[in-house]
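Okay, so here's the structure we're looking at.
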Amino acid sequence: MGDDLDIVRAARVSTGKGSKGLAADKKLLHYLYKNHHMSPFEMVEIKFHIRVPLFVERQIDRHRTFSTNRESGRYKYLAHDVYFPPVLRGEGTINRQGSGDPLSNEASEDIRGTWRRLVTDVKDAYWFFQHRGLSREQARVITPLAQMSESYWKGNLRNLFHFLELRLHESAQEEIRDFAQAVADIIKALVPLSYECFVKYTLDADVVDAEEKEFLLGMLDYYHKSVEGEVAFPLMNRVRNRWKTKGDN
Ligand SMILES: Cc1cc2nc3c(=O)[nH]c(=O)nc-3n(C[C@H](O)[C@H](O)[C@H](O)COP(=O)(O)OP(=O)(O)OC[C@H]3O[C@@H](n4cnc5c(N)ncnc54)[C@H](O)[C@@H]3O)c2cc1C
């Protein structure tokens, strides 16, 4: 529900101006996003119909501002639909909780064999339990984290951008990054101007801490004195002036 213009209209509610044309609307969106005036971005809500493995669903569920409705193994027998990773990855060396390079073919084949056997055992047990009269709500307890699960998942653009910031990041698990990329592609198509702001001020941007800022400001001062900075590097001056006047942009 909503598009880039709904954000513009919300931001201009006091003046009742609505759209002022593409260039002015785009400028306003950039101003809002860059200066953290994020409530207008809450005017756009997007609902997704998703199917992901339980281990990805658990990570998605950590984002508390979304509304969810989900299929339940208490109401119906769960279909035997489990996720097999296309590539098996070894332990990571850079990010301690992440994974790294693909495993050798030999190791991958061994693991795949065991993986398939276990999943088939669980599937057989699930049907056997039902055959023996066990309730659905108890039989489902043995389903693995690889089990696929279907939901409706709805959130506003502000929180979706926050979700993407965290889950497109290279420190996030590859499987949820793939999910986040699919979400990002949809958002980009629905609200291209807002997505452009997200990329410019969040995805491709970075936070500089106080120490780093002081260091960079020192370098900017040095270059400013040594060259005709005003003329040669207008961007350098913009950053320098903004940091000198602390956040006033
Ligand atoms: C790479 C990665 C690794 C992670 N590893 C772990 C892990 O090992 N263990 C683990 O438990 N979690 C882990 N998490 C989950 C993480 O700690 C957060 O719970 C999750 O990313 C949601 O972030 P959030 O709270 O900012 O966002 P959301 O829950 O989507 O909330 C959005 C924003 O709303 C506000 N908000 C929401 N609820 C509250 C509240 N109750 N009080 C105050 N403000 C609120 C905050 O401003 C918050 O940023 C990991 C996440 C990532 C991305």
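The values are calculated or read from the model by the stated rules, or taken from the named source; none is laboratory data. Because the structure is predicted, anything quoted here is derived from the model rather than measured. Note that each Cβ is placed from the backbone with ideal geometry, even for glycine, and that neighbours are counted across all protein chains shown.
In the set (1) under 29 Å from S99 (Cα atoms); (2) within 16 Å of the ligand (Cβ to nearest atom); (3) touching a residue at least 12 places away in the same chain (Cβ under 8 Å), I142 fails one condition alone, (2).
So for the range 100-119 (the condition being acidic (D, E), out of contact with any helix residue (DSSP H, G or I) (no Cβ under 7 Å at 6 or more places or on another chain), loosely packed, with under 11 Cβ neighbours inside 10 Å and free of Cβ contacts under 8 Å to residues at least 40 places away in the same chain), does at least one residue qualify? Yes: one or more hits.
For the range 151-222, the helices (runs of 4 or more DSSP H) that sit wholly inside it and include 2 or more residues that are under 9 Å from the mean Cα position of the chain (by Cα) and within 16 Å of the ligand (Cβ to nearest atom) are 157-167, 174-190. Of the strands (runs of 3 or more DSSP E) lying entirely inside the range 1-91, those containing at least 2 residues that are of a type in the set (V, I, T) span 45-53. Scanning the range 7-30 for residues that are of a type in the set (S, T, N, Q) and touching an Asp or Glu at 6+ places or on another chain (Cβ under 6 Å) yields a total of 1. Residue count for the range 217-239 satisfying the condition of being at pLDDT 75 or above and out of contact with any Phe, Trp or Tyr (no Cβ under 9 Å at 6 or more places or on another chain): 10. Could you say whether any residue in the range 149-164 is free of Cβ contacts under 8 Å to residues at least 40 places away in the same chain and closer than 14 Å to L203 by Cα? Checked the range 149-164: at least one residue is free of Cβ contacts under 8 Å to residues at least 40 places away in the same chain and closer than 14 Å to L203 by Cα.
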